[in-house]
Each structure stands twice: as C-alpha cells, then as structure tokens.
Amino acid sequence: AKAEDVLKQMTSRGLTPSKITYTALMSALSRAGHPERAYDILQDMMEAYEKGGIVELKPDTVAFSCVIDGWAQVSSIDRPEASTRALEILDIMKSRSNEGMGPNSLTYTSVLTALARSETKENCEMARKLLQEMEVEYDRSGKENKNKEANGGDQKSMIRPTHIQYNCVLTAYSKSQMPNKAILAKRLLDEMHKHPRWDCHPDTISYNSVLHACANAFGNESIRNESFKIGLQIFKAILHGNQCDSKDQNSTSQDLIQKRKDEPEIPLMPTSTTFALFAKCCRRLLPPSQQKPSLTKTLLLCRGVGMVNLQVVQQVQTACKSESDWEEVAGELAGYVGWKADFRKCKQVPNKWCCNARR
C-alpha cells in the first residue's frame with residue numbers, strides 16, 4: 001500500500017513514473033502477496049502504451065515476469081486460479097514476443113513453480129508440456145542462442161531449459177495427486193541423465209525431488225512396492241555420490257571414462273532432507289515388520305554424517321507407536337530426545353550428530 005501511495009503522490013505532483021518505477025511497484029506488490037494488484041499496474045502500463053502512445057511505458061519481459069512470479073508465490077491447492085492466471089499472462093507474452101515482451105527462462109521457471117504448487121494432475125501434465133515447449137523453442141533458435149552464449153550474451157534473455165526447470169517439473173510430480181508419481185519422476189530423472197546438455201543433468205535437488213515423490217506415493221501394493229524400490233535406489237545413489245542412470249549399466253568402462261572427461265560432473269551429496277524423506281518412505285511404504293530395522297539404519301547413517309535435525313527426528317518419531325518403539329529404533333539418540341519431545345528443545349544432543357544440519 002505504501003508503494004502505491006508513493007505512485008499516487010508522484011502523479012498528483014505532475015511527475016510521470018517511469019517503467020522502472022512501475023516495475024519496482026509490481027515487484028513489491030508481488031512479493032507482498034498481491035499479484036492481482038500488480039496485474040492492475042501492468043494493465044495501466046499497457047493502456048498508457050497502446051492507447052496513450054507512451055512508448056517509454058511499454059511493458060517488457062521483466063515487467064510481465066514480475067506479475068507471474070507473484071502468482072507463483074501465492075499458488076497452492078487452495079488457490080487454483082493462481083496457476084491459471086500465470087498461464088494466461090505467459091500466453092500474452094508469447095503472442096507479443098516480437099514486441100520485446102516475450103518470456104525467458106526465468107519466466108518459465110515462475111510458471112512451472114505456480115503449476116507445481118497447485119498440486120493437481122492436470123497442472124503437472126501442463127508443466128511437463130511447458131518443459132517440452134521450452135526444448136522445442138530452444139532447438140528452433142539454437143544457433144542464435146549459441147551465438148549469444150559464445151559472445152557473452154545474457155542467458156536470462158533466452159529460453160534455455162536447464163536442470164532448474166526440470167527440477168520444477170520433478171517438484172510438480174512430487175506434489176501431484178497421481179498414484180504413480182514416483183515412477184513418472186524417475187522416468188524424467190532418467191531423461192535428464194541422457195540429456196545432451198550437461199546443465200540439464202540432475203543434481204541433489206533433482207534426486208531429493210524424486211525421493212519426495214516416493215515418500216508421498218500411494219495406490220495399490222504394486223505401485224507402493226515399485227515406489228519404495230525407486231526410493232531406495234535414489235537414497236543409495238545420493239549416499240554414495242553416484243548418479244544412478246540405467247543407461248550406464250550397458251556402458252563400457254571406457255565409455256564412462258570418456259563421459260567424465262567430456263562433461264562437468266554435478267556432485268551428489270545427502271542433506272537432512274534426504275534422510276527425512278527416506279525415513280518417510282520407510283514408514284509409509286514398508287510393511288510394519290520391516291520398518292524398524294530400516295529406520296534404525298537410516299538414523300545411524302544420518303548421525304554418522306552429522307545431519308540429524310527436526311525433520312529427520314519427526315519422521316522416525318511418527319513411525320514409532322510407543323516410547324519403547326522409539327528407544328529401540330533411535331538407540332543412543334533416545335537418551336537425549338524422547339519419543340514425543342521437540343528436537344529443537346533438546347540441547348544436549350551431541351554436536352557431531354547434527355553439525356551438518358539445520359536444527
């Protein structure tokens with residue numbers, strides 16, 4: 001509201017706000033959770049440009065993207081209109097690309113984020129479609145884009161998908177209401193491995209996103225079993241720092257050596273989220289008789305790398321049905337943290353168990 005008041009004061013004093021002023025105002029409104037008001041400002045700019053002939057106020061990519069980012073920030077399962085509005089603005093941008101209003105990679109990232117946060121199957125499929133659209137557009141203008149890169153051009157002005165946009169789609173899968181989300185996420189992860197551009201190869205966030213899809217999987221026994229199998233494969237790959245790509249199983253040692261020489265390596269390393277998500281996989285997808293040993297081993301591994309935090313402890317606590325269950329699973333940790341205790345208030349936990357994690 002203060003930002004809008006400043007704009008009113010400027011106009012009341014006969015001052016003409018610049019495009020930078022309008023864009024800053026839209027950005028402030030979007031960050032404050034008011035994308036609809038930011039869109040009204042964008043409409044004012046469009047009207048001043050189209051009807052008033054004020055060329056200086058012609059909205060550009062940044063101006064449109066500010067508003068889309070605002071819708072992405074408020075998008076949720078309770079606000080399905082947010083992703084719809086983000087898509088509508090994207091369509092406007094695409095239709096006016098020749099006027100300097102076209103989308104770039106950052107624009108697509110915001111739209112993909114809005115779609116992912118809506119948590120619907122339809123928007124998950126739309127996110128996948130948009131990613132493919134980006135690839136097609138990048139291939140179509142590939143020579144031009146590569147020339148820009150070679151000349152030190154600004155990559156933000158290009159529609160070049162990277163692992164960032166792929167991770168957005170993986171997030172969409174993990175949040176969606178599709179029973180086979182883990183299988184679809186793993187399939188996209190495999191596509192990332194096979195991608196000809198190294199900056200589309202998966203990173204730790206990619207792997208954690210697939211693990212998230214596994215942890216939230218549901219459906220019949222076959223889907224649940226397959227989801228846990230994928231989760232275990234992903235978990236082991238992160239722990240060992242190995243990219244788990246099915247195509248490598250058919251490659252010779254020489255092929256893999258050449259691959260490492262030709263491509264920058266994106267390292268994998270576990271985070272506290274990795275352990276928390278795998279613990280959730282164990283408690284939700286394994287039969288009760290297998291949960292305790294799996295959770296105990298997961299917690300021991302987590303302690304060993306100093307990544308025990310609230311997330312991890314809560315998942316294991318939730319899996320336990322009693323204090324005795326907790327003591328059996330948690331082992332030494334149970335001496336510092338009770339079954340229903342808040343980990344954040346347990347100050348005596350050895351630092352070596354949580355030194356690499358956020359409490």
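The values are calculated or read from the model by the stated rules, or taken from the named source; none is laboratory data. Quick caveat: nothing in here was measured; it's all calculated off a predicted structure. Cβ atoms come from the backbone with ideal geometry, glycine included; neighbour counts cover every protein chain shown. To get the accessible areas, we keep the full protein, side chains included, count just its heavy atoms, and leave off ligands, DNA and RNA. Shrake-Rupley method; radii C 1.70, N 1.55, O 1.52, S 1.80 Å.
Taking the condition of being open to solvent by 10 Å² or more (accessible area, probe 1.4 Å) and outside any helix (DSSP H, G or I), how many residues in the stretch 321-343 meet it?
Of the residues in the stretch 321-343, the ones open to solvent by 10 Å² or more (accessible area, probe 1.4 Å) are 321-325, 327-328, 331-332, 334-336, 338-342.
Next, only the ones that are outside any helix (DSSP H, G or I) stay: 321-322, 336, 338-342.
Counting residues in the stretch 321-343 that are open to solvent by 10 Å² or more (accessible area, probe 1.4 Å) and outside any helix (DSSP H, G or I) gives 8.
Would you tally the residues in the stretch 170-180 being assigned to a helix (DSSP H, G or I), open to solvent by less than 10 Å² (accessible area, probe 1.4 Å) and in contact with a Cys (Cβ under 8 Å, 6 or more places away or on another chain)? First the steps, then the outcome.
If we filter the stretch 170-180 for residues that are assigned to a helix (DSSP H, G or I), which is where we start, we get 170-175.
Still in the list and also open to solvent by less than 10 Å² (accessible area, probe 1.4 Å): 170, 172, 174.
Filter once more, keeping what is in contact with a Cys (Cβ under 8 Å, 6 or more places away or on another chain): 172.
Of the residues in that region, 1 qualify.
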Residue in the stretch 184-209 that is surrounded by the fewest Cβ atoms within 10 Å (Cβ to Cβ), counting only those that are in a helix (DSSP H, G or I) and more than 16 Å from the chain's Cα centre (by Cα): Lys194
Every pair of residues 6+ apart whose Cβ atoms lie under 9 Å, when the first sits in the stretch 122-140 and is within 17 Å of Lys175 (Cβ to Cβ) while the second is assigned to a helix (DSSP H, G or I) and charged (D, E, K, R): Asn123/Arg117; Cys124/Lys175; Cys124/Lys181
Identity of the residue in the stretch 307-320, open to solvent by less than 20 Å² (accessible area, probe 1.4 Å) and in a helix (DSSP H, G or I), that ends up nearest to Arg284 (Cα to Cα): Ala319
Residue list for the stretch 67-84, filter: outside any helix (DSSP H, G or I) and open to solvent by 70 Å² or more (accessible area, probe 1.4 Å): Ile77, Asp78, Arg79, Pro80
Failed item in (1) at pLDDT below 95; (2) under 26 Å from the mean Cα position of the chain (by Cα), with Ser289 passing the rest: (2)
Phe343 among the aromatic types (Phe, Trp, Tyr) and under 25 Å from the mean Cα position of the chain (by Cα): no
Members of the stretch 47-61 that are surrounded by fewer than 17 Cβ atoms within 10 Å (Cβ to Cβ), touching a residue at least 12 places away in the same chain (Cβ under 8 Å) and assigned to a helix (DSSP H, G or I): Glu56
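Scan Leu106, Leu87, Leu112 and give me the residue that is surrounded by 14 or more Cβ atoms within 10 Å (Cβ to Cβ), in contact (Cβ under 8 Å) with a residue 60 or more places away in the chain and not in a strand (DSSP E or B). Quick ask: steps written out before the conclusion?
Working: Leu106 fails: in contact (Cβ under 8 Å) with a residue 60 or more places away in the chain; Leu87 fails: in contact (Cβ under 8 Å) with a residue 60 or more places away in the chain.
None of the others qualify; the one that does is Leu112.
Among the residues of the stretch 210-224, how many are open to solvent by 10 Å² or more (accessible area, probe 1.4 Å) and in a helix (DSSP H, G or I)?
Keep residues of the stretch 210-224 that are open to solvent by 10 Å² or more (accessible area, probe 1.4 Å), which gives 212, 216, 218-224.
Still in the list and also in a helix (DSSP H, G or I): 212, 221-224.
So the count comes out to 5.
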